[in-house]
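Here's the structure we're looking at; comments come further down.
The values are calculated or read from the model by the stated rules, or taken from the named source; none is laboratory data. Note that the structure is predicted; figures quoted are calculated from it, not measured. Here the Cβ is made from the backbone with ideal geometry for all residues, glycine too, and neighbour counts use every protein chain on show.
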Ligand code: BG6
């Protein structure tokens, strides 16, 4: 059932090109160059009225929500707040009219997320679920559902569910932009073209997994390490750090690169391993200075950057290149090496990759 893969997690990592294609299937009108959601109640006319969005989720789905915020704000210019579901419920969030709440959940059964979306409903908000399980509790309770169609995910550490949630957010961001009239037709066509190229680009990265395995083996005895990045890369780093903690049990922290010097730089010493994600053109120079800051304190840095960013190569110890795409979409590519790093580190340590200690795939208690 693992199709020749050693673990479900590895199988699911390699299933991502197909999973991402499935998330897009039937949702792009290639003649009109538009996003369509045939089953959504939220028509473009009603989406036009949305003035505020809350995203609620837990764990990896929460990290997808952080990307969703950037994407929706950038494309559709609607303000978005992202909350950990277990916090949202008790913080007495303010609801204004025309608020849409988006609940993100692979399983569709996470009790905290279900409770948060019920709280939103009680306050008059429409609820849209992004889930991988048709007919799950969250799907049934929501007003609208976007299924991710990634296929069953068995490994506790989520991989293909996360990247397919990102695709769902890209599609939704473009759909909301159509409703709001915030994107011109050429930009939209170019985004859709780059979106559909992502599955092959993921496949390309997976073909170079061996290089990443060597890196993973080199960090397996570390006590702690850092992930740094800015903007979308910071959100992706949080997911990379979670993945590593979940299955290798090595502690790591994902830090907004510009915030390091306000405290955490004190923890960087000779030999500290740092993984720097630098896929955002606008922030590239800033990332290079942050990398220089940690290098000056003795850090050993792996840089993950876009093919062609020669300048960064010179400031890091190791480099991992990902293909070029629009700045909003690099997250799907940047997370692949991070998934592989955590996977191979866990394997090198002899851990139970698919069933890490103390964790469950789906948590149905609050
Ligand atoms: C956790 C799982 O308990 O629930 C995580 O261990 C997962 O991997 C989180 O991200 C949220 O799950 P779901 O199904 O709501 O996306």
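Could you please find all residues in segment 131-141 being assigned to a loop (DSSP other than H, G, I, E, B) and either more than 12 Å from the ligand (Cβ to nearest atom) or more than 18 Å from the chain's Cα centre (by Cα) (or both)? Break it down stepwise before answering.
From segment 131-141, those assigned to a loop (DSSP other than H, G, I, E, B) are 132-136; that's our starting set.
Hits for segment 131-141 are 133, 134, 135, 136.
Here residue 203 meets each of (1) within 30 Å of residue 32 (Cα to Cα); (2) part of a loop (DSSP other than H, G, I, E, B) with one exception, condition (2). All conditions in (1) over 20 Å from residue 40 (Cα atoms); (2) away from the ligand (no atom under 14 Å from the Cβ) hold for residue 128, with the sole exception of (1).
Just to be sure, is residue 272 farther than 27 Å from residue 359 by Cα and modelled with pLDDT of 95 or more?
Working: farther than 27 Å from residue 359 by Cα: yes; modelled with pLDDT of 95 or more: yes.
Yes, satisfied.
Of the residues making up segment 217-227, none is touching a helix residue (DSSP H, G or I) at 6+ places or on another chain (Cβ under 7 Å), touching a residue at least 12 places away in the same chain (Cβ under 8 Å), within 15 Å of the ligand (Cβ to nearest atom) and within 21 Å of residue 61 (Cα to Cα).
Conditions tested, residue by residue: (1) within 14 Å of the ligand (Cβ to nearest atom); (2) not in a helix (DSSP H, G or I).
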position	(1), (2)
104	yes, yes
108	yes, yes
112	yes, no
118	no, no
121	no, no
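Of all residues in segment 53-64, those satisfying the criterion of being farther than 15 Å from residue 112 by Cα and within 10 Å of the ligand (Cβ to nearest atom) are 63, 64. Exactly one residue out of 73, 81 is surrounded by fewer than 20 Cβ atoms within 10 Å (Cβ to Cβ), within 20 Å of the chain's Cα centre (by Cα) and assigned to a helix (DSSP H, G or I): that is 73. Screening residue 92 with (1) touching a helix residue (DSSP H, G or I) at 6+ places or on another chain (Cβ under 9 Å); (2) free of Cβ contacts under 8 Å to residues at least 40 places away in the same chain; (3) more than 17 Å from residue 236 (Cβ to Cβ); (4) more than 11 Å from the ligand (Cβ to nearest atom) gives one miss only, at (1). Output yes when any residue across segment 199-221 is on the phi > 0 side of the Ramachandran plot, modelled with pLDDT of 95 or more and surrounded by fewer than 21 Cβ atoms within 10 Å (Cβ to Cβ), and no when none is. Looking for residues that are on the phi > 0 side of the Ramachandran plot, modelled with pLDDT of 95 or more and surrounded by fewer than 21 Cβ atoms within 10 Å (Cβ to Cβ), one finds none in segment 199-221, hence no. In segment 142-174, of all residues being in a loop (DSSP other than H, G, I, E, B) and within 15 Å of the chain's Cα centre (by Cα), the one that is nearest to the ligand (Cβ to nearest atom) corresponds to 158.
Can you tell me which residues in segment 152-173 are touching a strand residue (DSSP E or B) at 6+ places or on another chain (Cβ under 8 Å), over 30 Å from residue 6 (Cα atoms) and crowded, with 24+ Cβ neighbours inside 10 Å? Show your work before the answer.
At the first step, the residues of segment 152-173 found to be touching a strand residue (DSSP E or B) at 6+ places or on another chain (Cβ under 8 Å) are 165, 168-169, 171-172.
With over 30 Å from residue 6 (Cα atoms) added as a condition, the list becomes 169, 171-172.
If the condition is that a residue be touching a strand residue (DSSP E or B) at 6+ places or on another chain (Cβ under 8 Å), over 30 Å from residue 6 (Cα atoms) and crowded, with 24+ Cβ neighbours inside 10 Å, then 169, 172 are the ones that fit.
Considering 318, 307, the condition of being more than 16 Å from the ligand (Cβ to nearest atom) and closer than 14 Å to residue 215 by Cα is satisfied by 318 alone.
Residues that are within 23 Å of residue 334 (Cβ to Cβ), touching a strand residue (DSSP E or B) at 6+ places or on another chain (Cβ under 9 Å) and modelled with pLDDT of 95 or more: does segment 16-24 have at least one?
Yes - at least one qualifying residue is present in segment 16-24.
If you filter segment 239-253 down to residues that are touching a residue at least 12 places away in the same chain (Cβ under 8 Å) and surrounded by fewer than 20 Cβ atoms within 10 Å (Cβ to Cβ), you find that the one that is nearest to residue 340 (Cα to Cα) is 249. The one condition from (1) touching a residue at least 60 places away in the same chain (Cβ under 8 Å); (2) at negative phi; (3) within 13 Å of the ligand (Cβ to nearest atom) that residue 84 does not meet is (1).
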